[in-house]
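Worksheet for the structure shown next.
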Amino acid sequence: MNSSFRSPLSSASKKRNVLRRAVSSSVALIVAASVAVALPAPASAASGPMGARTLGVTAVTLETSDSVRQAQIKSIKQNGFPAVRIPIQWPQVEAVQGVFNWAGTDKLVVDAYNAGLNILAVPTYTPTWAAIPEGRTFLHPGPADPATYANFTRLAAERYRGLIRNWEIWNEPNVVHSFAPKPDAAKYSQMLKLSYAAIKSVDQYSVVISGGLSPAVDDGTNISPARFVEALYANNAGASLDGIGNHPYSAPDLLSAGTDWWTPKNGIDMISYLMYINGDGWKKIWTTEFGASTSTGQPPYGVTEARQTEILVDGIKYLRSLPNGGPIFLFDYRDINTGSLNLEENYGLTRTNNTAKPSLAAVKALIN
């Protein structure tokens, strides 16, 4: 649900556009793509494989300012979270074709790495110059050429080699809010195949998963997670993913209690079946976003802080009970604007003033 990764969606898929907010830098540092980052000294647990029980967070407000980023990364680490999901926003890095500004992303990556946090990086979204022409009036258009996007993922992998080993290809490619003017599973499959090869060419031990899928329903534009995964296999993308990303938002309901065909729980079952029949039953489903907003706006999807705790604890326990359950990233660590009527701004485990909601203690007890 983040404003970096998301924007409000329909009731079934309203969750996030986290990777949306561009980081502004007071100093425009233009660097050539070929220039590598000076690697910091290795930190414990950083840049390694993520176990199935990894419980991390997204953190949209990391991009607010240097002081907020540094304080929040310190807080995430002190509270015991081992991993953080970070966007690498193509429009921010390469707003003008061939001119690269990695400054904002460098700060996010290096600070998280130096804190000992393992990073799940999400190269996502399209700069106007690379967008499909009919999508250029939208906030997040799909790319015109999958190869151009894959080249960007290669540049990112080269730049952050040694700092990042886990990659998620795009954010919510199954919904129009993240892939305008209309999600295209065939094009995304090509993006995934080319990006997988590009990243593996830089570091063969990298883990590359498909983009986390919004809990949409099939409506002629948006594509449900199961249908999208079915299309990935139909387009021969199964060999180009080490896991499948998913965003099974269930609020105001408990994830484990879903029984209807459209519920995220049923979606997980269908994805698992598709993985199994396509020979990928051994791979994991990565929950790269899961959360519940405590906003009082847009009822019933905004819930009380007590209900947020129930939903998160239930969801974590349910996802961990699955034989193919993988790492989990909670959305979000800190509210963008506590008390706002905007769902997107109230997903945090902490409030905007950095005080903890009850969910933080409950979730910390599940970190292991």
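Checked against (1) at pLDDT 95 or above; (2) in a loop (DSSP other than H, G, I, E, B); (3) touching a Leu at 6+ places or on another chain (Cβ under 7 Å); (4) not small (G, A, S), Q298 meets all criteria but (1).
Based on this model, can you work out whether V109 counts as in contact (Cβ under 8 Å) with a residue 12 or more places away in the chain, in a helix (DSSP H, G or I), aliphatic (A, V, I, L, M) and closer than 22 Å to D66 by Cα? So V109 fits the description; yes. If you check Y301 against the conditions, is it hydroxyl-bearing (S, T, Y), over 30 Å from D242 (Cα atoms), open to solvent by 40 Å² or more (accessible area, probe 1.4 Å) and in contact with a helix residue (DSSP H, G or I) (Cβ under 9 Å, 6 or more places away or on another chain)? So Y301 passes the test.
Restricting attention to region 258-291, the residues being among the small types (G, A, S), in contact (Cβ under 8 Å) with a residue 40 or more places away in the chain and more than 23 Å from M50 (Cβ to Cβ) number 0. Whenever a residue of region 180-191 is over 14 Å from N236 (Cβ atoms), its partners that are of a type in the set (F, W, Y) and not in a helix (DSSP H, G or I), lying with C-beta atoms within less than 6 angstrom and at least six residues away or across chains, give the pairs A180/F138. Residues that are open to solvent by 20 Å² or more (accessible area, probe 1.4 Å) and either hydrophobic (A, V, I, L, M, F, W, C) or under 15 Å from W167 (Cα atoms) (or both) within region 232-246 comprise A234, A239, D242, listed in sequence order. Could you go through region 197-207 and let me know if any residue there is of a type in the set (D, E, K, R), modelled with pLDDT of 95 or more, open to solvent by 10 Å² or more (accessible area, probe 1.4 Å) and closer than 18 Å to N246 by Cα. Taking every residue of region 197-207 in turn, none turns out to be of a type in the set (D, E, K, R), modelled with pLDDT of 95 or more, open to solvent by 10 Å² or more (accessible area, probe 1.4 Å) and closer than 18 Å to N246 by Cα.
The values are calculated or read from the model by the stated rules, or taken from the named source; none is laboratory data. Because the structure is a prediction, the values reported are computed rather than measured. Cβ coordinates were reconstructed from backbone atoms using ideal geometry, including for glycine residues, and neighbour counts include every protein chain displayed. Quick note on the areas: whole protein, heavy atoms, side chains included, nothing else; ligands and nucleic acids left out. Shrake-Rupley method; radii C 1.70, N 1.55, O 1.52, S 1.80 Å.
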